[in-house]
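Here is the structure we will look at.
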């Protein structure tokens, strides 16, 4: 048995009231506004087991759709007193597959939550992939233990930021949000980020309004100038480093190290247990090295790629390759999924 809810229905909020921020209707509504995707909550029930699964439905053409789970983390979450039985898992997978067939949903891409380990029921599908490791600070440790968990270079950079007079503050003032946006977009341009990451300013304004106490904007100020900023999302006992940016002219003052450190201390003081910093593009790129300088604790991050309508998927890939060929371009083989969106 299953039910489908959209973000405007109060049932979604009620069902996920004790869940992570990535499962909330408010969070999903943010992406509906930016991308025009349709967010759905799939609620599946059987004896002693229920599953909550928020995702976005994206239109491919006039007949077909695909779905992706919430960004950065999400995926189906099984709730039961004991580990779900193979029968329950198979029934859920079968019911969801049939639902996708009925709605002409060609493919499904899932990002699982590294702390919840909700990828485990999907091991038997053969469609599960370990994508990367994400860095996590254990906030249940003492402040001294957290500090000692930073590597030598990280501690040195934090001390330098303090000596340089860098100050950290929180704000959701409109002027500060505009500065956040300016630093963020500048960073995306500098890093040649994918189009997806160029969120409009209104996205961050909506985060401040819609997510309320589940979002915090931290800023680093140096010589009366805001030089770096990070947006953190949080709910229950988990805080996430979400998006941020900085002025490279002031990297020498090491504001980002102090930003993360201050955020960790404040999160600990407010009762949070886990601080997920995320991973990098590659196992040993600069982003990952920076994050891993704060903690040796890492969590495996899994993804799931499912083709629900194989003939439609193959046709879409062939059409895309034909289009690119006519334009003198070629789709290079790789791991991107679904391939017709590469």
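Of note:
- For residue 182 and residue 34, the FRET efficiency from 1/(1 + (r/R0)^6), where r spans their Cβ atoms and R0 equals 25 Å, is about 0.85.
- In degrees, nearest ten, helix 255-269 long axis to first principal axis of the chain (Cα): 80
- Spherically averaged projected area of the range 266-322 from its Cα convex hull (nm²): 7.3
- If the chain linking residue 17 and residue 249 were pulled fully straight, counting 0.36 nm for each residue of separation and taking away their Cα-Cα distance, it would gain 79.3 nm.
- Among 166, 110, 49: highest mean-square fluctuation, GNM of the chain, C-alpha pairs under 10 Å: 49
- Relative contact order (%) - the chain, alpha-carbon pairs under 8 angstrom, separation at least six: 21
- R0 of 51 Å, Cβ-Cβ distance residue 104-residue 138: FRET efficiency to nearest 0.05: 0.70
- Cα-based helix-to-principal-axis angle, 152-164 vs the chain, degrees rounded to 10: 50
- Once the Cβ-Cβ distance of residue 322 and residue 129 is raised to the sixth power relative to R0 = 35 Å, the FRET efficiency obtained is 0.80.
- Rg then Dmax, both in Å and based on the Cα atoms of the range 1-58: 11.3, 38.
- Choice from 153, 39, 229 with maximal GNM fluctuation in the chain (Cα, 10 Å cutoff): 153
- For the chain, the C-alpha radius of gyration divided by 2.2 N^0.38 Å, with N the number of residues, is 1.05.
- Take the Cα of residue 224, step 7 Å toward its Cβ, do the same at residue 159, and the gap between the two points is 3.1 nm.
- Those residues of the range 225-260 whose amide nitrogen sits under 20 Å from the label point placed on residue 117, 7 Å along Cα→Cβ: 237-239
- As a proxy for reagent exposure, ranking 16, 298 by other Cβ atoms within 10 Å from fewest up yields 298, 16.
- Counted by neighbouring Cβ atoms within 10 Å, the residues 308, 152, 176 run from fewest to most as 152, 176, 308.
- Prolate/oblate/rounded label for the range 2-126 (Cα gyration tensor, a/c 1.5): oblate
- Cα-based helix-to-principal-axis angle, 86-102 vs the chain, degrees rounded to 10: 80
- When you work out D = kT/(6 pi eta Rh) for the range 149-253 at 20 °C and 1.002 mPa s, using the Kirkwood radius from C-alpha pairs as Rh and the Stokes-Einstein form, the result is 146 µm²/s.
- Highest mean packing comes first when the peptides 312-321, 63-72 are listed by Cβ atoms within 10 Å, giving 63-72, 312-321.
- Hull volume per residue, based on the alpha-carbon atoms of the range 56-116 and their convex hull, is 83 Å³.
- Note on 142, 235: ascending count of other Cβ atoms within 10 Å places them as 142, 235, the fewest first.
Only the coordinates and a few stated rules stand behind these numbers; no lab work does. None of these values were measured; they are calculated from a predicted model. Positions of Cβ are generated from backbone atoms using ideal geometry, with glycine treated the same way; all protein chains shown enter the neighbour counts.
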